[in-house]
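Participant: Just dropping this structure here.
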């Protein structure tokens, strides 16, 4: 898994915040969890129809304001609602219906191709070296 | 932005996994300066880190022992 830091603009506090981000070269869009979108003031703008592994997904879209290495980007993103129970590790007495680890987006965002394609080739190469 | 701290996290990840399993850590200038159980809302982390680190280079990560095994 490639983890990098990205600055996400907080529309409520009017400042950039540092977020840990999963770089996902197979994701078309960037992804933000609904509970975080609410805290930093990103409202749903539209809906998009996508395929995921086991069927269709119709999330809301929003335009994220990101900053990476001092450059600002407006990036097409989707907002995914995560069950509140999945934001923590599974409890010992919890019925086994999910991985024991918390949801990967509990405290992170996904950076997909809608962001990666805006970078220069050397910036993309530099990010991919984190995989080694 | 915490570019140096992120590099430090990526470089020391296996050691960090041993010492801080399933915790969120804040790293400032090559040192772990604060830990929390479980993932924390990033906005709260930013508030705490700004207070503790000021203008110094910092970053955070959720250190899961086994997370990567569970992502499709």
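Participant: If you line up the Cα atoms of the protein assembly as shown on their principal axes, what length do they span on each, largest first, in Å?
Facilitator: Largest first, the protein assembly as shown extends 46, 44, 35 Å along its Cα principal axes.
Participant: Sketch the reach of a paramagnetic label on residue A:1 as a point 7 Å from Cα along Cα-to-Cβ, and name the residues of region A:97-132 whose backbone nitrogen lies under 18 Å away.
Facilitator: Correct set: A:98-113, A:128-132.
Participant: For a quick check, take a GNM of chain A with Cα springs below 10 Å and name the residue from A:50, A:66, A:116 with the largest mean-square fluctuation.
Facilitator: A:50
Participant: For region A:52-66 and chain B, what is the separation of their Cα centres, given in Å?
Facilitator: After rounding, the separation between the Cα centres reads 27 Å.
Participant: Over the whole of A:9-20, what's the average partner chain Cβ count within 10 Å per residue? Rounded to a whole number, please. Before the final figure, lay out the partial values.
Facilitator: Values: counts 0, 3, 0, 1, 3, 0, 2, 2, 7, 12, 5, 11.
Partner Cβ neighbours, averaged per residue: 4.
Participant: Calculate the spin-label point distance for residue A:58 paired with residue B:19, positioning each point 7 Å from the Cα along the beta-carbon direction, and give it in nanometres.
Facilitator: 5.0
Participant: Right, something else. Choose one answer from A:74, A:122, A:114: the residue with the largest mean-square fluctuation in a GNM of chain A with alpha-carbon springs under 10 Å.
Facilitator: A:122
Participant: Efficiency by 1/(1 + (r/R0)^6): what FRET value for residue A:25 and residue A:92, r their Cβ-Cβ distance, R0 = 30 Å, to the nearest 0.05?
Facilitator: It comes to 0.25.
Participant: Using a 10 Å cut-off on Cβ atoms, rank the peptides A:4-15, B:44-55 from the highest mean neighbour count down.
Facilitator: A:4-15, B:44-55
Participant: From Cα pairs below 8 angstrom and at least 6 apart in sequence, can you work out the relative contact order of region B:3-67, rounded to a whole percent?
Facilitator: Result for region B:3-67 is 45 percent.
Participant: How many Cβ atoms of partner chains, on average, are near each residue of B:36-48 if near means within 10 Å of its Cβ?
Facilitator: Working: counts 1, 2, 6, 12, 3, 8, 15, 10, 2, 5, 9, 2, 0.
Taking the mean over all residues of the peptide, I get 6.
Participant: Turning to a different aspect of this structure: Could you run the Debye sum over the Cα atoms of region B:3-67, one equal point scatterer each and no solvent, and tell me log10 of I(q)/I(0) at q = 0.16, 0.29 Å⁻¹, two decimals?
Facilitator: -0.46, -1.38
Participant: Ignore the peptide's own chain and count Cβ atoms of other chains within 10 Å of each Cβ in B:59-65; give me the average, rounded.
Facilitator: Numbers: counts 5, 6, 5, 8, 0, 7, 2.
For this peptide, the per-residue mean of nearby foreign Cβ atoms is 5.
Laboratory data are not the source of any read-out in this text; all were calculated from the coordinates shown. Source: prediction; values computed, not measured. Neighbour counts run over all protein chains shown; Cβ positions are idealised from the backbone, glycine included.
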